[in-house]
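The values are calculated or read from the model by the stated rules, or taken from the named source; none is laboratory data. All figures in this text were calculated on a predicted structure; none of them were measured in a lab. Positions of Cβ are generated from backbone atoms using ideal geometry, with glycine treated the same way; all protein chains shown enter the neighbour counts.
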Amino acid sequence: MNNKKFSSQKEFSQFYILDHQNTTNRILHFIGTALAVLCLVTAILFHDLRFILLIPIAVYLFACIGHVFFEKNPGATFKYPLNSLIADFLLFGDIIIGKQSFRYKPL
């Protein structure tokens, strides 16, 4: 992990994509993010804040498995938490609309 300072979210997102080239890791991130969104929606619909507590578990469990066992890098979440969160949702959205796929392709 480098100590680079990023001047924009776009610049960070390019770094983030390079950190997520493994297809299985991308699938695991997608599942974790989808579960986090589902937990949030469920918490709102059922007025049950316990589902909010599941969000970090869903996200980090799948992301850690993806990075440790498949991508073989530490990920960027702990070094760049806000940028990573934003980039994760951007990649999630890009996969949904077809701009990115589960297979790595450079931006």
| request: Could you look through segment 1-21, keep only residues that are in a helix (DSSP H, G or I) and not aliphatic (A, V, I, L, M), and pick out the one that is surrounded by the fewest Cβ atoms within 10 Å (Cβ to Cβ)? | output: K10
| One residue from A87, A76, A34 being closer than 21 Å to K4 by Cβ, among the aliphatic types (A, V, I, L, M) and either in contact with a Pro (Cβ under 6 Å, 6 or more places away or on another chain) or modelled with pLDDT of 95 or more (or both) | A87
| message | With the structure loaded, tell me whether T24 is exposed (fewer than 14 other Cβ atoms within 10 Å of the Cβ), at pLDDT 95 or above and in contact with a Phe, Trp or Tyr (Cβ under 6 Å, 6 or more places away or on another chain) or whether it fails that test. | response | yes
| query | Do you know which of the residues in segment 61-89 that are under 14 Å from L18 (Cα atoms) and of a type in the set (A, V, I, L, M) is nearest to the chain's Cα centre (by Cα)? | reply | A87
| note | Among the residues of segment 70-84, the number that are in contact (Cβ under 8 Å) with a residue 24 or more places away in the chain and either of a type in the set (D, E) or not in a loop (DSSP other than H, G, I, E, B) (or both) is 4
| query | Would you pick out the residues in segment 84-107 that are of a type in the set (V, I, T) and surrounded by 15 or more Cβ atoms within 10 Å (Cβ to Cβ)? | reply | I86, I95
| Flag for F92 being more than 18 Å from F15 (Cα to Cα), in a helix (DSSP H, G or I) and touching a Ser or Thr at 6+ places or on another chain (Cβ under 9 Å) | no
| query | Restricting the first residue to segment 36-60 and requiring it to be surrounded by fewer than 12 Cβ atoms within 10 Å (Cβ to Cβ), which pairs with a second residue that is not acidic (D, E) meet a Cβ separation below 7 Å and a spacing of at least six or different chains? | reply | L49/A43
| query | Right, I52: of a type in the set (A, V, I, L, M) and either at pLDDT below 95 or in contact with a Leu (Cβ under 8 Å, 6 or more places away or on another chain) (or both) or not? | reply | yes
